[in-house]
Amino acid sequence: MNIALLTVSFNNSGPARILTEIALNVDQSKYNVIFIICERYSINNLHDMLVKRGINIIYLNMDGYHDIKRLLKLIIILKKKKIDILHTRLHRADVYGRIAGKFAGIKYIINNSVSSNKKHFSDYHKGLKGLFLQFIDMFTVPFTDIFIANSYGVGTELLKKWPYSTRKIVIIPNGINTAPYLGRDETRVLVREKLCMKKNDLLVGSVGRLVNQKDYSLFVKSALKVLNTYKHVKFLIVGSGKEERYIKTLIHNLSLENHLILLGHQENVLDFLNAMDLFVFTSKYEGMPNAVMEAMASRLPVIAFDIPGVNELVLNGITGILIKERNEQILANKIVELLENEKLRIQMGLNGYQRIKEHYSMEKMVNNFEKIYSKVYEEL
């Protein structure tokens, strides 16, 4: 059976990582997998992993959402490769995949929904463009044979949006391989030295794209309030994005340059997670955040807001702290609470690691996708 995995970019590392793991771990004797990227050629560790395993990667080199030429190219590729299943992840890939799959005569189209569609449009596609894309989204939905939601929160939203799709919606949570997150003491020491940390300093960190959805301004403002109470702490943000300049300016305006480090995009995220003592996640909405899963796999307690997807991972008072109200002072108070309680931090971190290992393993996730593929294979 020939399967095409289609996503927007390797730069959207969370969704791209999940599809990469599927490509690397499905039964190669049953499934011939190709990987298709909407955007332009870019080398990173996910690209390298696929190439090393001999998996064919095709870049469409799309120019935004309205690239008819690349849509035609996708149709030709799907026909030429005789694809049986087209599995897409992220909105642009979903829409282009539905249209191309329909014209290419694909037997089965799977959309992997990873976050709130409604909030996605309001955050990333405003005005007439957003309305047009929402229309295209709704118009092409019937072309999808099955929706796979990566959390119960996303699944619930899909049912509200398309109540007639009950039989089409399946929940498969994200998975993670915990083995690479077993940090080494020497790496932790080296990273903390590079960050110019003192021996007794604690490190509060976060990882993610610097976009409105992630709300890093709240992280920065809460850091200032923490420092009014707790002095032996530094803050770290690993990631880049459209709001990077704004966040840099905010850090400067609050005179936090010596206390909060904005690193930008890093390939070796695991090393920085290993150097942290506490992980803070300020996102406004999510599907099932890989960043939180990676933090828990790194044995870090997580402080986050009580939103769908996140509250499926973080158990309040057990693996971390969930906050109801989006308030910088409340967030700062909770950070200080854990900074002052080493025993609780360590126990929450261990609980989180165990939860990921038992319920959100990569093996379990891949097996669930293979069950879908096998069921489709039997129907073809």
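Some points to look at:
- Members of region 348-371 that are without any contact (Cβ under 8 Å) to a residue 24 or more places away in the chain and within 28 Å of Y108 (Cα to Cα): N367, K371
- When each of D27, D63 is tested for being at pLDDT below 95, more than 18 Å from F143 (Cβ to Cβ), loosely packed, with under 15 Cβ neighbours inside 10 Å and in contact with a Lys or Arg (Cβ under 8 Å, 6 or more places away or on another chain), the lone residue that passes is D63.
- Criterion applied to V33, V26, V8 was being hydrophobic (A, V, I, L, M, F, W, C), out of contact with any Leu (no Cβ under 8 Å at 6 or more places or on another chain) and in contact (Cβ under 8 Å) with a residue 24 or more places away in the chain, and the one residue passing it is V26.
Quick grid of which residues meet (1) surrounded by fewer than 20 Cβ atoms within 10 Å (Cβ to Cβ); (2) more than 22 Å from K334 (Cβ to Cβ):
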site	(1), (2)
E193	yes, yes
L210	no, yes
S217	yes, no
V220	no, no
A223	no, no
N228	yes, no
I237	no, no
K248	yes, yes
I251	no, no
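- Test: residue in region 164-171 that is basic (K, R), surrounded by fewer than 19 Cβ atoms within 10 Å (Cβ to Cβ) and either under 27 Å from I110 (Cα atoms) or touching a Cys at 6+ places or on another chain (Cβ under 7 Å) (or both): yes
- Residue check for A304: touching a helix residue (DSSP H, G or I) at 6+ places or on another chain (Cβ under 7 Å), of a type outside the set (D, E, K, R), over 25 Å from H232 (Cβ atoms) and surrounded by 21 or more Cβ atoms within 10 Å (Cβ to Cβ): no
- Positions within region 34-80 being among the small types (G, A, S) and at positive phi, in sequence order: G54, G64
- Selected residue (criterion: surrounded by the most Cβ atoms within 10 Å (Cβ to Cβ)) from residues of region 109-147 that are at pLDDT 85 or above, more than 22 Å from the chain's Cα centre (by Cα) and aromatic (F, W, Y): F143
- Tallying residues that are assigned to a loop (DSSP other than H, G, I, E, B), touching a residue at least 40 places away in the same chain (Cβ under 8 Å), out of contact with any strand residue (DSSP E or B) (no Cβ under 6 Å at 6 or more places or on another chain) and more than 15 Å from N311 (Cβ to Cβ) within region 146-187 yields 4.
- Qualifying residue in region 270-282 (condition: over 23 Å from R17 (Cα atoms) and surrounded by 16 or more Cβ atoms within 10 Å (Cβ to Cβ)): yes
The values are calculated or read from the model by the stated rules, or taken from the named source; none is laboratory data. Remember, predicted model here, so these are calculated numbers, not experimental data. For neighbour counting, all protein chains shown are included, and Cβ atoms are generated from backbone atoms with ideal geometry for every residue, glycine included.
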